[in-house]
Every structure is written in C-alpha cells, then in structure tokens.
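Down below is the structure, laid out as structure tokens.
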Amino acid sequence: MITVGVLALQGAIAEHINCLKKLPAVTVREVKTLADLNSIDGLILPGGESTAMGKILNYFNLLEPIAQKIKAGLPVWGTCAGMILLAKNISNQAETYFATMDITVKRNAYGSQLDSFQTDINLPEISNNPIPLIFIRAPYIEVAQEHVEVLAKIDNNIVAAKQDNMLVTSFHPELTQDLSWHKYFCNMILHK
Ligand code: GLN
C-alpha cells in the first residue's frame, strides 16, 4: 500500500484524487499542511494557476519545507502549473517556486489560438494504447539539462520529462479516462 498526496491549495485537486482512487493499493491524502507531508510516499502538484499556488505556498510557509522534501527524494509529479512550480527557470517570469528540476519552462507557451487543445500520442514506455493529452493554457519545456529524461514531445517541444524522483507533464491526465500516467507515477514511488 502506498499513500499518494495531492497538494490541495488550488487547482484540479478532486480530479487527481478520483483517478488515484481507481488504482489498487493506493491511499489518497490531501496535502494542506506540513504535518500532511510526513504521511505520504509521493506528492502530486495539480494544474491550476502557478502564481496563485505560489502565493498560498508562501503565505502558509510551505514553499521551503516542500522543496526540502523533494530534494531529499520525495517522489513528486507536477502537472501543468505543477510543472512550473518544479522548474528551476521560467523563461517568461523572474519568480520561481520549488526550483528543484533542471528545466526551463515557458508559461502559457501555446499562444491564444491554441490556448487549449487535445491530441493523442503513442508512448510505449507509458502505455500500450494511444494516450490522450489535454493542454489548458499549458507550459512546455524549452530547455532540459542532459540528465533530464525527455518522455514526450509535441511539435518538437518537450511536454513530459523525468529527473530522478521528479516527473512533469504539461498536460492534464486527470481530465481523461486514461490512468497510465497515474500508474507510471505510482511505479516511480514503488521503485524509488
Ligand atoms: N497557465 C497556468 C499557469 O501558468 C497553468 C495552466 C494549468 O495548470 N492548466 O500557471
């Protein structure tokens, strides 16, 4: 049995929780306080608005303690805004948040015409079936250092990557019926 936390300050929290509840041998926990952090084996940072999440994290003094946990090896998966929270660099903004992952991301990287879109991708490492990808005012990775494993690209832009205990996706698996990314993250937790 593993316990997966979902950072529950703002954003697509319930959707991730619903996906996790469908997986066997997984207990789900909303993470709102430092105490919640001590009872989880992995943490999902949901999509939403990274600036809003950053403000709330600062207000409740959670930014530094969570960053320390991630640096100490806590498995973490950032979806969309969550990816922005993990990036060491944000190309179109000075402020960073946990800043633990060696990537440069661009916020709202898809211009207004493509603010939100959906596509499918084949990624044998993640799933035997085509994976639906939903992008909502999404970031993408402009630069990934060489020790970052690129998992998926769309139009030559990196939209999923992994570095040690950190997984990031530009898109929202929790808004689809496909559980393959949630399973992939749980496997990361089990094999860390
Ligand atoms: N545009 C949002 C941000 O910059 C991310 C959007 C999302 O998480 N769906 O934080």
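So which residues in the stretch 63-81 are touching a Gly at 6+ places or on another chain (Cβ under 8 Å) and closer than 21 Å to L190 by Cα?
Matches in the stretch 63-81: L74, P75, V76, W77, T79.
Taking the conditions exactly as written (touching a Pro at 6+ places or on another chain (Cβ under 7 Å) and either closer than 22 Å to L175 by Cβ or charged (D, E, K, R) (or both)), does V6 satisfy them or not? Write out each step before concluding.
Values: touching a Pro at 6+ places or on another chain (Cβ under 7 Å): yes; either closer than 22 Å to L175 by Cβ or charged (D, E, K, R) (or both): yes.
Considered against the rule, which asks whether it is touching a Pro at 6+ places or on another chain (Cβ under 7 Å) and either closer than 22 Å to L175 by Cβ or charged (D, E, K, R) (or both), V6 comes out as yes.
How about the stretch 155-178: which of its residues are within 15 Å of P46 (Cα to Cα) and out of contact with any Phe, Trp or Tyr (no Cβ under 7 Å at 6 or more places or on another chain)?
Once the filter is applied, which keeps residues that are within 15 Å of P46 (Cα to Cα) and out of contact with any Phe, Trp or Tyr (no Cβ under 7 Å at 6 or more places or on another chain), the stretch 155-178 yields A160, M166, V168, H172, E174, L175, T176.
When residues of the stretch 111-126 are filtered for being surrounded by 16 or more Cβ atoms within 10 Å (Cβ to Cβ) and out of contact with any Phe, Trp or Tyr (no Cβ under 8 Å at 6 or more places or on another chain), how many remain?
Matching residues across the stretch 111-126 total 2.
Please work out which residue is surrounded by the most Cβ atoms within 10 Å (Cβ to Cβ), limiting yourself to the stretch 140-192 and to residues that are acidic (D, E) and in a strand (DSSP E or B).
Ranking the candidates gives E142 first.
Under 6 Å by Cβ, and 6 or more places apart or on different chains, what pairs join a residue from the stretch 127-139 that is more than 8 Å from T176 (Cβ to Cβ) and in a loop (DSSP other than H, G, I, E, B) with one that is basic (K, R) and within 9 Å of the ligand (Cβ to nearest atom)?
P139/R107
I need the full set of residues from the stretch 127-139 which are away from the ligand (no atom under 16 Å from the Cβ) and crowded, with 17+ Cβ neighbours inside 10 Å, in order please.
I131
Considering only helices (runs of 4 or more DSSP H) fully contained in the stretch 1-109, which possess at least 2 residues that are surrounded by fewer than 17 Cβ atoms within 10 Å (Cβ to Cβ), free of Cβ contacts under 8 Å to residues at least 12 places away in the same chain and more than 16 Å from the ligand (Cβ to nearest atom)?
The helices (runs of 4 or more DSSP H) meeting that bar are 63-71.
Looking at the stretch 60-81, can you tell me whether even one residue there is over 16 Å from the mean Cα position of the chain (by Cα), at pLDDT 95 or above, of a type in the set (A, V, I, L, M) and farther than 18 Å from K183 by Cα?
There is at least one residue in the stretch 60-81 that is over 16 Å from the mean Cα position of the chain (by Cα), at pLDDT 95 or above, of a type in the set (A, V, I, L, M) and farther than 18 Å from K183 by Cα.
The values are calculated or read from the model by the stated rules, or taken from the named source; none is laboratory data. Just so it is clear, the model here is predicted, and its values are computed rather than measured. A quick note on method: Cβ atoms are made from the backbone with ideal geometry, for glycine too, and the neighbour counts reach across all protein chains shown.
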